[in-house]
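**Student:** Have a look at this one.
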Amino acid sequence: MLHRIPDLIKNRMKELEKADAKDRENDTSRLKRLRQIPPESGKILSILAASAPEGEYIEIGTSAGYSTLWIILACQYLGKKIRTFEILPEKIKLAQETFGLAEVESSVDLIEGDARDYLKNIKNISFCFLDAEKEYYDDCYDLVVPNLVKGGIFVADNVISHKDYLKSFLERVLSDTRVDSFVLPVGKGLLLLRKF
């Protein structure tokens with residue numbers, strides 16, 4: 001899977017990596033920046049998504065679609081589709097461009113709007129990646145975890161880079177007896193959990 005990334009996907013990933021590096025270098029405003037995961041986090045997402053049990057795949061916070069591409073690699077390998085949510089119109093436009101250029105539209109449903117308005121209606125979630133505004137983490141967790149299938153995987157980004165802000169969220173998740181969880185010090189910190 002990771003050794004055979006299609007050229008169109010690989011090329012778009014490289015373009016987005018360059019754009020993200022430029023954003024950070026120029027200190028673009030927080031809302032305009034892509035703020036995407038690093039490639040090593042993407043590889044982990046791909047492997048975890050490929051290992052998830054049968055069920056729905058979702059992503060909360062699409063941005064320009066970089067992390068979605070990593071998850072799509074697993075979805076294509078398994079013959080699945082991911083549903084991804086983005087609230088900002090300018091990022092939705094970028095994500096549509098990404099999916100078009102990478103020719104992966106058949107593997108993704110891009111939904112414009114606040115994921116919290118949709119999550120209560122999505123059952124049998126087997127894989128969820130959360131990388132949105134940090135004030136939404138508690139709400140999203142509360143909406144997703146009850147609908148995770150047995151063995152379902154939930155990953156949240158930025159838990160080390162935003163550890164002060166997410167302290168109570170992390171304490172709560174790490175003590176939740178419905179799941180096994182830990183923090184992986186990769187990228188900006190990935191919270192990984194698996195539901196019993």
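Every number here is computed from the coordinates shown, using simple stated rules; none is lab data. As the structure is a computational prediction, the values presented were derived from the model and not from experiment. FYI the Cβ positions are ideal-geometry reconstructions off the backbone, even for glycines, and counts take in every protein chain you see.
**Student:** Students often get this wrong, so check it: of LYS80/LYS120; LYS91/LYS120; LYS14/LYS150; LYS80/LYS134; LYS22/LYS134; LYS93/LYS150, which have C-alpha atoms separated by over 26 Å?
**Tutor:** From LYS80/LYS120; LYS91/LYS120; LYS14/LYS150; LYS80/LYS134; LYS22/LYS134; LYS93/LYS150, over 26 Å: LYS14/LYS150; LYS80/LYS134; LYS93/LYS150.
**Student:** When Lys and Arg each count +1 and Asp and Glu each count -1, what net charge do the other residues less than 10 Å away from ARG12, Cβ to Cβ, add up to?
**Tutor:** On the way: positive: LYS10, LYS14; negative: ASP7, GLU15, GLU17, GLU97, GLU103.
Neighbourhood net charge equals -3.
**Student:** Roughly how many nanometres apart are two label points built 7 Å out from the Cα toward the Cβ at TYR118 and ASP176?
**Tutor:** With each label placed 7 Å out from Cα toward Cβ, I get 2.0 nm.
**Student:** Further, regarding this structure: Say each of LYS167 and ASN11 gets a label point 7 Å from the Cα, pointing the same way as Cα to Cβ; how far apart are those two points in nm?
**Tutor:** 4.8 nm
**Student:** With +1 on the Cβ of every Lys and Arg and -1 on the Cβ of every Asp and Glu, and nothing else charged, how large is the dipole of the chain about its Cα centre, in debye rounded to the nearest 20?
**Tutor:** 400 debye
**Student:** Over what distance in Å are the Cα centres of segment 171-193 and segment 129-152 separated?
**Tutor:** Measuring centre to centre over Cα atoms gives 12 Å.
**Student:** Please list, in order along segment 123-132, the HN-Hα scalar couplings obtained from phi with the Karplus expression 6.51 cos²θ - 1.76 cosθ + 1.60 (θ = phi - 60°), rounded to whole Hz, x for Gly and Pro.
**Tutor:** Taking θ as phi minus 60°, the curve returns 9, 6, 7, 9, 8, 9, 10, 10, 8, 10 Hz for segment 123-132.
**Student:** Can you give the helix-only mean residue ellipticity at 222 nm for the chain, where every DSSP H stretch with n ≥ 4 adds -39500 (n - 2.57) and the sum goes over all residues, rounded to the nearest 500 deg cm²/dmol? List each step's numbers first, then the result.
**Tutor:** Details: 6 runs with 74 residues, N = 196.
It lands at -12000 deg cm²/dmol.
**Student:** Suppose the chain between GLU40 and LEU101 were pulled fully straight at 0.36 nm per residue; how much longer would it get relative to their current alpha carbon spacing?
**Tutor:** Working: separation 61, 0.36 × 61 = 21.96 nm, distance 2.23 nm.
This chain segment gains 19.7 nm when fully extended.
**Student:** Could you check the spin-label model distance between LYS18 and LYS93? Points 7 Å from the Cα along Cα→Cβ, value in nm.
**Tutor:** Computed distance between label sites LYS18 and LYS93 equals 2.1 nm.
**Student:** Write down the percent of antiparallel bridges among all DSSP beta bridges whose residues are both part of the chain, to the nearest 5.
**Tutor:** Working: 11 of 30 bridges.
About 35 percent, rounded to the nearest 5.
**Student:** Would you mind counting up the charge near ILE71? Only other residues with Cβ under 10 Å from its Cβ, with Lys and Arg at +1 and Asp and Glu at -1. Could the numbers behind the result be given before it?
**Tutor:** Details: positive: LYS80; negative: GLU59.
Summing Lys and Arg as +1 and Asp and Glu as -1 gives 0.
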